[in-house]
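In what follows, a structure is listed as structure tokens, so that the remarks can point back to it.
The values are calculated or read from the model by the stated rules, or taken from the named source; none is laboratory data. Worth saying up front: this structure is predicted, and the values here are computed from it rather than measured. Backbone-built Cβ (ideal geometry, glycine too); neighbour counts: all protein chains shown.
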Amino acid sequence: MGSIVDPALRLSAQRALLGAIYPNFRAIKVTANGSQIVLTVICEAAPDETEIDAVSAAAAEIVADFPHASISEQVIVINGPLPVEDALVAGWVFQRAE
């Protein structure tokens, strides 16, 4: 079993995502490997420009809380079942009711 994602990072992501989660977003997770943060958004369909901008704005807010880190964004489309993962280890901060 892996390590639980830092609660400060998860809380930062949840704050940054307030008002930025669109109906197309099925799940969102945030992880860190050293000073590299990865924000992953799983969508139902290809995101439009507004949705991509919302992800980028949230990523900027997250990395602002961790000045020595860098961040990358992954936006992926999954039409089938979501991955089955330990929410705390995988860094899940949002999952849509389905």
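Structure values in brief
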item: Failed condition for residue 5, given (1) part of a loop (DSSP other than H, G, I, E, B); (2) surrounded by 15 or more Cβ atoms within 10 Å (Cβ to Cβ); (3) modelled with pLDDT of 95 or more; result: (3)
item: Scope region 14-25; condition buried (at least 19 other Cβ atoms within 10 Å of the Cβ) and either closer than 13 Å to residue 95 by Cα or at pLDDT below 95 (or both); matching residues; result: 17, 25
item: Residues of region 44-63 satisfying the condition of being within 11 Å of the chain's Cα centre (by Cα) and surrounded by fewer than 20 Cβ atoms within 10 Å (Cβ to Cβ); result: 56
item: Of all residues making up region 10-29, the number that are within 22 Å of residue 53 (Cβ to Cβ), not β-branched (Val, Ile, Thr) and not in a strand (DSSP E or B); result: 12
item: Pick from region 27-42, criterion small (Gly, Ala, Ser) and on the phi < 0 side of the Ramachandran plot, ranking: surrounded by the fewest Cβ atoms within 10 Å (Cβ to Cβ); result: 35
